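What follows is one structure encoded as structure tokens, with my remarks underneath.
The values are calculated or read from the model by the stated rules, or taken from the named source; none is laboratory data. Here the structure is a predicted model, which is why all the values come from computation and not from measurement. Neighbour counts are summed over all protein chains in view; Cβ atoms, including those assigned to glycine, are modelled from backbone coordinates with ideal geometry.
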Amino acid sequence: MNETIANIQAYLKELQSTTEKYTAEAPALVSRLYAAANTTGGKRRPEKVNDSSFLYIRSYSNDIGIRPFSNITFWNSPDITITPVANPGAPTTQLQAGQQYNIQCTVNNRGDIIVPAAKVEFFLCTPSLGFDTRYAENIALTQLNTMLLPLGSGSVNVPFDVQNHQAGHRCLFARTYSFSPLDKPLSLYGLDPTLDRHIGQKNLNITGQAQNYNFQLIHAANALENIKFVALTKDEILALQHPALANFRFRENTADLVSKLVPVLDSKGAENVTVKAGRTGFDVTSQSKEGMSVDRQQAIQRQVDAAIRQIASGAAPATSFKALFKEFNSIFDSNKCSKFSLKIPDFGLVPGEAIAVNIVNTNVGTGKVKGGITLIITGNK
């Protein structure tokens, strides 16, 4: 080690020691200064400042980064848009080869310190229930070109030229993080917006009736999950706020039509997976000798939910849950990708008419929704 590096390390160690000493001594000093009314002039003691950032990508319109959450449609993030460069007023998630698109993501900071260079990366994949970075293509890594102020937001824009293998119905994930201050996602591989405020997802597709639609399910080697098709109400369709939907007249009371949708499992690579009609939707079971048991996964998920709430409330630092989060991340080590096709019937929709359906993926053991796709089925032109 040369002398310059040794001096830098010594200086950093000194700074760290000073910070630790200040952190330990400052609360007692402040208490003494504000202990007596004559020293404060009757002023209220200042609250303790949690000097940290709080990066998040919204999963729904009123999202302020509170995690975990449940029973909220999270796969149509208002902070992510994909628009053709040639037609910026027409957001989409159906990509055409040879065309250029602009991908935009807004990042928010509800913390009390500045984030000088928030990173944002994008993943593209087949429409997906659940997510794993290993079953997607990392198409971009960028960062905000301005400082992200406390209680502020900023956006990145990435040009994207679509190749042949990237065309068609797609799902887009965005992930934000920072190294200084340290503000990072829970997991390297598995990305769950209901647990992790750093993740955003755009998973809305428009397709015609009497066509095939392909999607994938990301699940642990041992899993008990459910896939069901849920017709959207008029209010739920309006809440999507997608400009392209203004071109359609939506049929209401379509539960009977939606009940005709049946997912078909691709047998290739799915030797340990079974699908059967359940009480509601379709039950998907995966059994393997590798990976963590379903019971253990469920126990860890409950502990992680509780830990995230404690961290958010300030009751405990994130560092006190290192062992738990390490075991939580090991769940994703055995993740599998099962592929499905959906033969969409001819619903008798006329041109300009459409129905809207959510494909909802639930972890049966925890009862939590872990993935979803919004599918707009249109009449033939």
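When restricted to residues that are crowded, with 16+ Cβ neighbours inside 10 Å and among the β-branched types (Val, Ile, Thr), the range 55-82 contains 5.
Scanning the range 235-256 for residues being over 25 Å from the mean Cα position of the chain (by Cα) and of a type outside the set (S, T, N, Q) gives a total of 8. Considering only residues of the range 221-271 that are without any contact (Cβ under 8 Å) to a residue 60 or more places away in the chain and among the polar types (S, T, N, Q), which is surrounded by the most Cβ atoms within 10 Å (Cβ to Cβ)? In this case the residue turns out to be 233. Reported count of residues in the range 263-311, each being within 18 Å of residue 368 (Cβ to Cβ), aliphatic (A, V, I, L, M) and not in a strand (DSSP E or B), is 8.
In the range 195-220, how many residues are under 21 Å from the mean Cα position of the chain (by Cα) and assigned to a loop (DSSP other than H, G, I, E, B)? Qualifying residue count, the range 195-220: 6. From the list 372, 365, the one residue that fits, being touching a residue at least 60 places away in the same chain (Cβ under 8 Å) and assigned to a strand (DSSP E or B), is 372. Only residues that are under 13 Å from the mean Cα position of the chain (by Cα) and part of a loop (DSSP other than H, G, I, E, B) were counted across the range 147-194, and they come to 9. Residue count for the range 256-276 satisfying the condition of being at pLDDT below 95 and among the hydrophobic types (A, V, I, L, M, F, W, C): 1.
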